[in-house]
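Below are the structure tokens for one structure; questions will follow.
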Amino acid sequence: MGCVKCKINTKAKDNLDCMLYLKTKEASVIYNAIYKKTNILPIKRQRSLKRYISVPFWFVLTILGVYLVQILFLGKTIILKWYIVLIFCCLTMFCGFICLYDYKKGKLYIGNVVFVITTRIFNVKKFCCNKTEVGMIKIIQNPIDRRYKTCKIKFMTVGESRESVKIKHIEHDIAQERIKNIFWQTINTNNVSRET
């Protein structure tokens, strides 16, 4: 219906969540008013579709493989019924559709502003804050990520609100280099200013 739920965190000591229900255009106006002077560049995301559907694909192969093995070698003592296999395959296909949706919607920008668009099932979450407000960055790689040279990145803000967001299927080397350049530069600049 063209609406969003917008959450705004402040630096106040008694920081209370401010939850607003706005039209999408109104939320964009607020974002532009706060961050209009920043220049953010996109981090390359893994655009290979096979990376996104690799997990659902292996799930389907495993389920069908187990079903065929029990038919061929166990005869009448079938443990996994055909309708259970069908249910598992449908759930895996649903997981594949979610991965496809994430493939189309997700984005990551790191510059003076950290801006993340990520999905959870079929919901889209947009997360935005100044780089100075980021308290933790966690880079995670599972075996499939290492094979495709991708990673998951989790950002968490400082302060009482502790807002966090996680985005998947990011090109590992590019993201690590950008994070090093943007955030180490900030740390070094702060240290120099304190010393002077």
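The values are calculated or read from the model by the stated rules, or taken from the named source; none is laboratory data. Being a predicted model, the structure only gives us computed values, none of them experimental. So basically every Cβ, Gly included, is an ideal-geometry build from the backbone, and we count neighbours across all protein chains shown. Ligands, DNA and RNA are stripped out before the accessible areas are found, and what is left, the full protein with its side chains, is counted by its heavy atoms. Shrake-Rupley method; radii C 1.70, N 1.55, O 1.52, S 1.80 Å.
Beyond a 19 Å Cα-Cα separation, which of these cross-linked pairs lie in this structure: 5/126; 50/180; 5/152?
The answer is 50/180; 5/152.
Quick one: dipole size for segment 145-185, taken about the Cα centre, charges +1 on Lys/Arg Cβ and -1 on Asp/Glu Cβ, in debye to the nearest 20.
Dipole size: approximately 220 debye.
Using a 1.4 angstrom probe with every protein chain in place, what is the largest-first accessible-area order of 89, 3? Intermediate results must be reported in sequence, preceding the final value.
Values: 89 25, 3 85 Å².
The residues order as 3, 89, largest area first.
Further question on the same structure: Can you sort 82, 58 by solvent-accessible area, 1.4 Å probe, largest first?
Details: 82 160, 58 140 Å².
The ordering from most to least exposed comes out as 82, 58.
Measure up 25/149; 104/138; 81/149; 81/166; 23/138 against 27 Å on the Cα-Cα distance and list the ones that go over.
The pairs that break the limit, which is 27 Å between Cα atoms, are 25/149; 81/149; 81/166; 23/138.
Full extension from residue 34 to residue 166: what is 0.36 nm times the residue separation minus their Cα-Cα distance, to one decimal in nm? Could the numbers behind the result be given before it?
Working: separation 132, 0.36 × 132 = 47.52 nm, distance 2.26 nm.
Result for the pair: 45.3 nm of gain on full extension.
With point charges of +1 on the Cβ of Lys and Arg and -1 on the Cβ of Asp and Glu, referenced to the Cα centre of segment 113-152, which listed residue (121, 148, 135) lies farthest in the positive direction of the dipole?
148
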